[in-house]
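The values are calculated or read from the model by the stated rules, or taken from the named source; none is laboratory data. Since the structure is predicted, the reported quantities are computational estimates derived from the model, not experimental observations. Quick reminder, even Gly has a Cβ in these numbers, built from the backbone with ideal geometry, and neighbours come from all protein chains shown.
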Amino acid sequence: MIYLLVLLILSSCGIKANPEPLPEPLVEIRRLGDNVYVRSLQGNIQVEGFEKLDGWFMKEDKEAFCFIVRRIGGKSGKFCVGKSIQKKPAVILKENDSNLLIEASGFPSYRLYPLSDGKLDILNGAEFRGIYRISRDYFRRCYAITGVLDAVESEPYNFCVEAKKVPPIKDVERLEYQTISDKIYLIWSYTPDDLFKEFVIYKDGKEVGSTQSYMYEDTLPEGKTTYTVKVRNKLGFESSGRSITYSP
């Protein structure tokens, strides 16, 4: 009764009681080999002894240890991790033109992570048991495989899948130009396929524009100029190009 009366008096005087502190931090903890990763699942946090890395807090330590996580504006919590698993999974890679077959052994299950600039994309890992298949595309891609034992992940086994051979890109045909007043018009013909994206125009070796039409307009050059038209596909690759030279 007395406590309620004090609150009513403080409220009537315009004085607010201190708000309750936020609860202890709610976090996700992942050990991958010697590295321990921590991220918040609710609110902002600070992790003592860890460095911030791409949305995670990370620390390298192969031994078991405990650490403090402090929630900004809230309470702190103590968390512990066990020792790292030093061995890597045994991996056999079988590659053909369209895919890569992964055969892993040594652990009950495994996780496959994309690698970008040597960094694991932890949030996009795929879990599998023993066998996994990756479809090849036209870009070289790298991955890491960890073995999982009692929710702890081993040192990663890293590998790359080489790009498929890019299908040949046809060049434009019947490239010619016409001049009208102070303009020059490049004209060509082409039969696009499913991967076609656009035509790219180069002027004396420098890219000056792109178009999906079969004509390109430019200011009439004052001197001898070479134009090259290349075909760019949806994968970002270009044909060798077809060139034509204008002479005043």
Subset of region 24-50 (residues that are over 21 Å from the mean Cα position of the chain (by Cα) and farther than 14 Å from residue 79 by Cα): 33, 34, 41, 42, 43, 44
Determine, yes or no, whether residue 53 is closer than 28 Å to residue 26 by Cα, touching a strand residue (DSSP E or B) at 6+ places or on another chain (Cβ under 7 Å) and not assigned by TED's automatic domain parsing to the domain that holds residue 146. no
Hey, among the residues in region 52-61 that are among the charged types (D, E, K, R) and at pLDDT below 95, which one's nearest to residue 111 (Cα to Cα)? 54
Looking only at region 51-67, count every residue that is over 25 Å from the mean Cα position of the chain (by Cα), part of a loop (DSSP other than H, G, I, E, B) and loosely packed, with under 14 Cβ neighbours inside 10 Å and tell me the total. 2
Regarding region 68-76, can at least one residue be identified that is in a loop (DSSP other than H, G, I, E, B), among the small types (Gly, Ala, Ser) and not assigned by TED's automatic domain parsing to the domain that holds residue 155? yes
Six or more apart or on different chains, Cβ atoms under 6 Å: show the pairs whose first residue is in region 157-173 and assigned to a loop (DSSP other than H, G, I, E, B) and whose second is charged (D, E, K, R) and surrounded by 12 or more Cβ atoms within 10 Å (Cβ to Cβ). 164/136; 171/242; 172/242
Among 138, 113, 143, 132, which is the only one that is touching a Ser or Thr at 6+ places or on another chain (Cβ under 8 Å) and either outside any loop (DSSP other than H, G, I, E, B) or under 17 Å from residue 160 (Cβ atoms) (or both)? 113
Go through region 213-248 and count every residue that is within 30 Å of the chain's Cα centre (by Cα) and closer than 19 Å to residue 176 by Cβ. 4
Please verify whether region 183-192 includes one or more residues that are basic (Lys, Arg), modelled with pLDDT of 95 or more and either surrounded by fewer than 17 Cβ atoms within 10 Å (Cβ to Cβ) or part of a loop (DSSP other than H, G, I, E, B) (or both). yes
Could you list, in sequence order, the residues of region 1-42 that are closer than 24 Å to residue 88 by Cβ and either modelled with pLDDT under 65 or crowded, with 17+ Cβ neighbours inside 10 Å (or both)? 30, 31, 32, 33, 35, 36, 37, 38
Evaluate region 65-77: report whether one residue or more is within 15 Å of residue 157 (Cβ to Cβ) and of a type in the set (A, V, I, L, M). no
Check off (1) in contact with a helix residue (DSSP H, G or I) (Cβ under 9 Å, 6 or more places away or on another chain); (2) outside the structural domain of residue 154 (by TED's automatic domain parsing) for residue 24 and give me the number that stays unchecked. (1)
Selection status of residue 190, over 30 Å from residue 97 (Cα atoms) and not assigned by TED's automatic domain parsing to the domain that holds residue 137: no
Confirm whether residue 239 is small (Gly, Ala, Ser), surrounded by 13 or more Cβ atoms within 10 Å (Cβ to Cβ) and without any contact (Cβ under 8 Å) to a residue 24 or more places away in the chain. no
Of the criteria (1) surrounded by 14 or more Cβ atoms within 10 Å (Cβ to Cβ); (2) at pLDDT below 95; (3) charged (D, E, K, R), which one residue 150 fails: (1)
